[in-house]
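Novice: My structure is below; once you've seen it, I'll send some questions.
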Amino acid sequence: PRATGANVILTGFMGTGKSTVGRLLAQLLGFRLVDTDQVIIERHGPSPEIFAQEGEAGFRAREAELARELSTQSHLVISTGGRLMLDDENAAVLGATGTVFCLTAPPEEILRRVLSDQSGPERPLLAGDDPAERVRALLLERAPLYARFTAIETNARPPAEIAAEIADRLDAA
């Protein structure tokens, strides 16, 4: 049986359902949900502002600081920014405190979800002439790093079913 206080970490590309599934999973487990992008925005302002003022290195430093902080806590479902767990140190620190699942979806579905999410965050990575090609290129580039984690396919599945599958896998572990 799993360590009952162990955290659950959700990673994966933007638009794979980390925030939605994370919220449902936290309810199922009776854990607190922490969305790392949301925490960074609350503490430091919107991501585009951090990138403009401190560059990507500044933003990644904020993520690493938050990963270390969260690794000292328990009973969390941690929904990470799309790149947070691609950093070896962040993956090691958070992976030591719980189980990591990588939510996946095909590029076309990711694009559909992200483009239909009008209230969602700004997606600077998709700026440009061909967002579909950008999604495919980034997925290909990140695939070997995401492959380190247990994959959970989210395409054509209700978020509640995905959350239930993760909870079942935790109980079976």
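Novice: Going 7 Å from the Cα of Asp117 along its beta-carbon direction, which residues of region 1-40 have the amide nitrogen within less than 13 Å of the resulting point?
Specialist: Backbone N within reach: 11-23, 35-38.
Novice: Here's another thing I want to ask about it. Restricting to Cα pairs below 8 Å that are 6+ residues apart, what does the relative contact order work out to for the chain? Please round to a whole percent.
Specialist: Answer for the chain is 37 percent.
Novice: Largest first, how would Asp117, Asp130 line up by accessible area (1.4 Å probe)?
Specialist: Asp130, Asp117
Novice: Just how much of Glu69 is accessible, in Å², when a 1.4 Å probe is used and the result is rounded to the nearest 10?
Specialist: 60 Å²
Novice: If you take all C-alpha pairs in region 33-112, what percent of them are over 14 Å apart?
Specialist: Of all Cα-Cα pairs in region 33-112, 64 percent lie more than 14 Å apart.
Novice: If eta is 1.306 mPa s and T is 10 °C, what Stokes-Einstein diffusion coefficient results for region 15-67, Kirkwood Rh from Cα pairs, in µm²/s?
Specialist: It diffuses with D of about 130 µm²/s by this estimate.
Novice: Calculated FRET efficiency, Ile41 and Ser74, Cβ-Cβ r, R0 35 Å, to nearest 0.05?
Specialist: Using R0 = 35 Å, I get an efficiency of 0.90.
Novice: For the chain, with equal point scatterers placed on the C-alpha atoms only and solvent neglected, what are the log10 I(q)/I(0) values from the Debye formula at q = 0.09, 0.10 1/Å, to two decimals?
Specialist: At q = 0.09, 0.10 Å⁻¹ the computed log10 ratios are -0.29, -0.36.
Novice: Still on this structure, please answer the following. Of the heavy-atom accessible surface of the chain (probe 1.4 angstrom), what whole percent is carbon and sulfur?
Specialist: 53 percent
Novice: So what is the relative contact order of region 1-66, in percent, for Cα pairs below 8 Å that sit 6 or more residues apart?
Specialist: Relative contact order comes out at 17 percent.
Novice: Putting +1 on Lys and Arg Cβ atoms and -1 on Asp and Glu Cβ atoms, find which of Ala137, Ala151, Gly12 reaches farthest to the positive end of the dipole of the chain.
Specialist: Ala151
The values are calculated or read from the model by the stated rules, or taken from the named source; none is laboratory data. Just so it is clear, the structure is predicted and the values come from calculations on it, not from any experiment. Positions of Cβ are backbone-derived with ideal geometry, glycine not excepted, and every protein chain shown enters the neighbour counts. Protein only, heavy atoms only, side chains kept; ligands, DNA and RNA dropped before computing areas. Shrake-Rupley method; radii C 1.70, N 1.55, O 1.52, S 1.80 Å.
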